[in-house]
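S.K.: Attaching a single structure in structure tokens format; questions to follow.
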Amino acid sequence: MAKTVVKIENLVKRYKDLIALDHFSIDIKEGEVFGLLGPNGSGKTTAINCLLSLLTFDKGTIEVFGEKMTPDNYKAKSKIGVIMQNVAVFDELTVRENIDYFCGLYIKDKATRKQYVEEAIAFAGLEDFVKFYPKKLSGGLLRRLNIACGIAHKPELIILDEPTVAVDPQSRNRILEGIQELNRSGATIIYTSHYMEEVEQICTRIAIIDKGKNVAIGTKDELKKMIRNTETITIEILSVSQEITGKINALEHVYETNFADGKLVIKCSGGKHNLVKILGILSENEIAFGRVYSELPTLNDVFLEITGKELRDKEGQ
Amino acid sequence: MQVFKTFMKVAKKRLHVSMIYIVIFISIGIAMTSTASDTNNFTETKLSVSITDLDNTNASRALAEYIGKNNKIVEVENDKDAIMDAVFYRRADIILNINEGYSEKLANGETDGLFSDYRIPGSYSAEFFDTQLDQYISMITAYTAGGMEVDEAAAKTAKLAEKEISVETVNFSENANVEFGENIAYYYQYLAYILIAVMISGLCPTLLVMMRKEIRNRTNCSCVSNVSQMVQIVLGTVIFAVGVYLLLTVAALFLYHSQMLNSKGLLAMLNGFVYLIFATMLTILISVIAPGNKAVDMIANVISLGMSFVCGVFVPQSLLSGTVLNIGKFLPAYWYVRANNMLAGSSGEIFGMGKYMTCIGIELAFSIAMFCVTLLVAKTKRSSKSV
């Protein structure tokens with residue numbers, strides 16, 4: 001059985017009257033890519049800052065590598081790599097100098113450090129930019145530098161707090177591939193994001209967090225099984241009578257039917273051949289329809305069903 | 001020492017700003033030294049005077065001779081336009097007519113109507129000439145009042161006037177100009193401005209970079225303890241401050257070498273060093289409260305120039321109004337300049353070690369107060385962040 005790398009139990013963090021973390025608990029095993037998914041302001045960064053002892057908390061316990069995490073637990077800190085949401089590099093230092101500085105906070109031996117810095121540069125694909133200052137780098141390259149600074153000392157636990165915010169799709173894919181590569185090389189990853197596609201793509205286990213509470217935890221399949229919805233069928237249609245929607249709604253596995261803006265959206269819970277049965281009703285009643293598509297549930301559906309609101313609603317905030 | 005090394009690297013990037021201030025300051029110092037005049041010399045001013053003797057007596061000729069000894073006699077045509085032109089174009093400072101009856105009036109003890117003249121009203125040279133003339137007439141009338149004949153009195157007065165008066169320039173402080181020249185005094189006076197400007201514009205941006213929230217957070221996540229980080233940053237700050245001080249002191253030694261190597265020169269260096277401590281504390285406080293890098297230059301200018309004007313760095317304290325000086329007393333630059341003035345003997349305040357040390361003590365007290373405020377602000381900011 002894999003060792004527990006991070007164990008957070010009943011963590012409570014208050015900002016005056018606001019409860020940022022409300023009895024938040026997670027248990028992360030060695031080798032996992034653990035996703036913390038939640039909208040902006042849900043408490044992801046607060047949880048990470050508490051985990052890193054950057055913030056004090058009101059209640060609960062945090063253990064990292066089996067030891068209580070405190071600001072002076074340098075043994076645990078030496079095994080952790082941090083990639084913060086905001087890019088934390090020196091504008092006055094070049095790419096190589098920046099990586100060397102952050103690597104040097106952990107690795108004292110010059111030769112080893114030099115080797116690690118070169119490896120981090122290669123990992124982030126920054127070979128052509130080593131003498132560049134951060135201000136000369138594009139947003140994507142800057143994010144990659146931010147990651148290189150966090151992983152150069154080869155940490156066993158890597159915490160990435162929304163590392164792909166404001167990054168172009170190409171750089172985002174490269175970053176996600178890099179994270180998977182780090183995981184393959186043995187690092188345990190904690191990945192926070194409000195982009196569910198990213199979390200679905202790379203995380204082996206996911207915790208959904210809302211208003212400081214851990215509302216669900218499991219693999220993506222386990223999370224999807226937690227909800228009623230198994231299939232959402234959308235049919236483009238000009239008009240449909242209440243009689244017809246009533247007939248569709250009466251089908252065994254259909255639990256919700258909505259018609260709006262020329263689209264008939266039918267949600268099913270389990271069962272097979274739901275689409276065939278629905279199209280059969282439409283054909284029997286000689287109702288013409290356009291495009292038809294069937295979607296499996298996403299993490300957004302999971303979030304929607306559990307919290308009653310869309311994950312994406314908060315993105316822009 | 002990763003934090004320290006990076007501190008120095010970042011400071012190096014901002015060094016050009018500090019160097020601009022220092023180079024300009026030292027250049028002005030060199031210029032002042034090379035154009036300096038020997039202020040210990042005294043030369044009597046000689047005026048250009050034209051004399052028309054309408055009395056033509058022994059007494060009037062004696063007066064003309066007396067005037068000629070102390071001034072330069074110039075010829076001006078006896079025509080009103082020519083006289084006016086000579087006065088207007090400053091060919092003559094004064095056109096003097098010794099009126100007819102001069103000798104007779106003096107014999108009778110009368111002094112009104114002895115002369116008529118053309119002059120630029122209110123001019124310094126005319127006033128100076130009046131003093132000479134009044135002095136001469138006073139002596140003559142004193143002799144004639146004692147029963148002496150006018151001619152004899154004129155001869156006696158002329159003899160007295162021949163005596164050379166030795167003039168010695170005396171400064172307020174004992175041996176002030178011998179040990180501590182005017183140029184050093186100016187150098188150290190302006191140092192109050194330059195230290196603040198250099199420290200804020202050079203050191204503050206470096207501290208701001210090192211204290212940036214994102215950088216601090218990331219560094220705090222590492223194996224380097226908070227105490228170690230602070231020690232390394234303080235070490236960098238001290239090296240920067242001492243470096244600036246040494247540079248400016250070496251420049252002073254280079255410019256004023258022998259004059260610096262005496263008790264007053266060393267006291268001036270001590271005053272500068274104590275003020276440097278204040279400048280460093282002020283810089284640290286600003287780095288804690290400054291909203292960002294862009295505000296630093298503005299803050300540096302406001303504080304350095306504002307304090308310099310109020311405390312008598314640019315304008316001598318003796319020329320500042322009482323209200324301004326009272327405000328200045330609440331700022332360390334005032335005490336710095338006052339101590340410096342005492343050393344230079346340029347303010348009328350006699351140098352005394354006790355008074356000097358009081359000024360130094362007040363400067364140190366300001367530094368300690370600044371340090372306490374910095375700790376308080378930093379603690380308040382930290383606690384408000386962690387709330």
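The values are calculated or read from the model by the stated rules, or taken from the named source; none is laboratory data. Please read these numbers as outputs of a predicted model, since none were measured by experiment. Virtual Cβ from ideal backbone geometry, glycine too; neighbours counted across all protein chains shown. Calculation scope for accessible area: heavy atoms of the full protein, side chains included, ligands and nucleic acids excluded. Shrake-Rupley method; radii C 1.70, N 1.55, O 1.52, S 1.80 Å.
S.K.: First select every other residue whose beta carbon is under 13 angstrom from the beta carbon of A:THR232; then total the charges, Lys and Arg +1, Asp and Glu -1.
M.R.: Taking every other residue near A:THR232 into account, the sum is -1.
S.K.: Taking only complete DSSP H runs, can you tell me which helices of chain A stretch 15 Å or more along their own long axis by Cα positions and average at least 0.5 on the Kyte-Doolittle scale?
M.R.: Answer set is A:139-151, A:274-284.
S.K.: What chymotrypsin sites (Phe, Trp or Tyr not before Pro) does region A:1-52 have in DSSP loop regions with at most 13 other beta carbons within 10 Å?
M.R.: none
S.K.: Comparing A:ASP301, A:ASP261, A:ASP100, which has the greatest mean-square fluctuation in the GNM of chain A with Cα pairs linked when under 10 Å apart?
M.R.: Top of the fluctuation ranking is A:ASP261.
S.K.: How would chain A be classified by its alpha-carbon gyration tensor: rounded, prolate or oblate, with rounded meaning a/c under 1.5 and the a/b versus b/c comparison settling the rest?
M.R.: prolate
S.K.: Still on this structure, I have one more. Return the value, in Å² to the nearest 100, of accessible area buried between chains B and A (probe 1.4 Å, both sides summed).
M.R.: Using a 1.4 Å probe, the pair buries roughly 2600 Å².
S.K.: If R₀ is 30 angstrom, what is the calculated FRET efficiency for the pair A:ARG228 and A:LYS16, using the beta carbon separation as r and rounding to 0.05?
M.R.: After rounding, the FRET efficiency stands at 0.20.
S.K.: About its Cα centre, what dipole magnitude does chain B give when the only charges are +1 on Lys and Arg Cβ and -1 on Asp and Glu Cβ, stated in debye to the nearest 20?
M.R.: 4780
S.K.: Given +1 on the Cβ of Lys and Arg, -1 on the Cβ of Asp and Glu, and no further charges, what dipole in debye does region A:231-296 carry about its Cα centre, rounded to the nearest 20?
M.R.: 120
S.K.: Return the residues of region A:37-58 for which accessible area with all protein chains present is lower than in the chain on its own by 30 Å² or more; set the probe to 1.4 Å and exclude ligands, DNA and RNA.
M.R.: Buried on complex formation: A:LEU54.
S.K.: Just to make sure I understand: if all protein chains stay in place, what is the order of A:HIS253, A:HIS273 by accessible area at 1.4 Å, largest first?
M.R.: Greatest to least solvent exposure: A:HIS273, A:HIS253.
S.K.: For region A:1-125, which whole-number percentage of the solvent-accessible area (1.4 Å probe, protein heavy atoms only) is attributable to carbon and sulfur atoms?
M.R.: The computed percentage sits at 49.
S.K.: What percent do you get for the relative contact order of chain B when only Cα pairs under 8 Å and 6+ apart count?
M.R.: So the answer I get is 19 percent.
S.K.: Can I ask one more? Can you bin region A:206-307 into rounded, prolate or oblate? Criterion: square roots of the alpha carbon gyration tensor eigenvalues sorted a ≥ b ≥ c, rounded for a/c under 1.5, prolate for a/b above b/c, oblate for the rest.
M.R.: Since a/c reaches 1.5 and a/b is larger than b/c, the shape of region A:206-307 is classed as prolate.
S.K.: Hey, in the GNM for chain B with a 10 angstrom Cα cutoff, which one of B:TYR124, B:TYR245, B:TYR21 fluctuates hardest?
M.R.: B:TYR124
S.K.: Exposed loop trypsin sites (Lys or Arg not before Pro) only (DSSP loop, at most 16 other Cβ atoms within 10 Å): please give the longest stretch of chain A free of them, not including the sites.
M.R.: A:17-107
S.K.: B:LYS46: which lysines have alpha carbons under 23 Å from its alpha carbon, excluding same-chain residues fewer than 8 sequence positions away?
M.R.: Excluding near neighbours in sequence, the set is B:LYS69, B:LYS72, B:LYS156, B:LYS159, B:LYS163.
S.K.: Just checking the output field for A:93-106: average partner chain Cβ neighbours within 10 Å of each residue's Cβ?
M.R.: 4
S.K.: To continue, here is another question. Evaluate the relative contact order of region A:4-225 (contact order divided by residue number), counting alpha-carbon pairs under 8 angstrom at least 6 apart; express in whole percent.
M.R.: 30
S.K.: Given the pairs A:LYS213/A:LYS272; A:LYS108/B:LYS13; A:LYS110/A:LYS135; A:LYS29/A:LYS135, which are separated by over 30 angstrom at their Cα positions?
M.R.: Violating the 30 Å limit, Cα to Cα: A:LYS213/A:LYS272; A:LYS29/A:LYS135.
S.K.: Suppose accessible area is computed on protein heavy atoms with a 1.4 Å probe; arrange B:LEU266, B:LEU235 from highest to lowest.
M.R.: The ranking, largest first, comes out as B:LEU266, B:LEU235.
S.K.: What's the FRET efficiency of B:ASP151 with B:GLU77 using the Cβ-Cβ distance as r and R₀ = 22 Å, to the nearest 0.05?
M.R.: Plugging the Cβ-Cβ distance into 1/(1 + (r/R0)^6) gives 0.15.
S.K.: For chain B, which DSSP H helices look membrane-span-like by this rule: Cα extent along the axis of 15 Å or more and mean Kyte-Doolittle of at least 0.5?
M.R.: Span-like helices in chain B: B:15-34, B:182-198, B:226-260, B:263-289, B:293-311, B:353-386.
S.K.: Given a 1.4 Å probe and every protein chain left where it sits, what share in percent of the accessible area of region B:48-162 is carbon and sulfur?
M.R.: 47
S.K.: Longer than 27 Å from Cα to Cα, which of A:LYS79/A:LYS211; A:LYS44/B:LYS213; A:LYS13/B:LYS213 are they? Say none if no pair is.
M.R.: Going by Cα-Cα distance, A:LYS79/A:LYS211 fall outside the 27 Å limit.
S.K.: Measuring from a point 7 Å past the Cα of B:ASP134 along Cα-to-C-beta, which residues in region B:87-112 have an amide N at less than 15 Å?
M.R.: B:111-112
S.K.: In debye, nearest 20: dipole of region A:4-225 around its Cα centre with unit charges on the Cβ of K, R (+) and D, E (-)?
M.R.: In debye, rounded to 20, region A:4-225 gives about 280.
S.K.: Quick one: order A:PHE289, A:PHE129, B:PHE7 from most to least accessible surface, probe 1.4 Å.
M.R.: I get A:PHE289, A:PHE129, B:PHE7, largest accessible area first.
S.K.: Here's a follow-up. What residue among A:PRO163, A:LEU37, A:ASN10 has its Cα farthest toward the positive end of the dipole of region A:4-225, where the charges are +1 on Lys, Arg and -1 on Asp, Glu, each on the Cβ?
M.R.: The listed residue farthest towards the positive side: A:ASN10.
S.K.: Give me the distance in nm between label points sitting 7 Å out from Cα along the Cα-to-Cβ direction at A:SER78 and B:MET19, one decimal.
M.R.: In this crude label model, A:SER78 to B:MET19 measures out at 4.0 nm.
S.K.: Oh, and also: Please give the per residue accessible area of region A:231-296, computed with a probe of 1.4 Å over protein heavy atoms only, in Å².
M.R.: For region A:231-296, the per-residue accessible area is 61 Å².
S.K.: Peptide B:10-19: average number of partner chain Cβ atoms within 10 Å per residue?
M.R.: Mean inter-chain Cβ contacts per residue within 10 Å come to 1.
S.K.: At 222 nm, what value in deg cm²/dmol follows for chain B if DSSP H runs of at least 4 each add -39500 (n - 2.57) and the sum is divided by all its residues, to the nearest 500?
M.R.: The per-residue figure over chain B is -22500 deg cm²/dmol.
S.K.: Might you work out the accessible area of A:GLU92 for me, using a 1.4 Å probe with all protein chains in place, and round it to the nearest 10 Å²?
M.R.: Its heavy atoms expose roughly 40 Å² to the probe.
S.K.: Here's a follow-up. Once both labels are modelled 7 Å past Cα along the beta-carbon direction, what's the B:CYS372-B:VAL242 spacing in nm?
M.R.: Output for this residue pair reads 2.7 nm.
S.K.: If r is the Cβ-Cβ distance from B:THR358 to B:PHE314 and R0 is 30 Å, what FRET efficiency results, to the nearest 0.05?
M.R.: 0.80
S.K.: How about region B:255-328: which chymotrypsin sites (Phe, Trp or Tyr not before Pro) there lie in a loop by DSSP and see at most 16 other Cβ atoms within 10 Å?
M.R.: B:PHE314
S.K.: Right, next: What does the C-alpha gyration tensor say about the overall shape of region A:1-89? Classify as rounded when a/c is under 1.5, otherwise prolate if a/b is larger than b/c, or oblate.
M.R.: rounded
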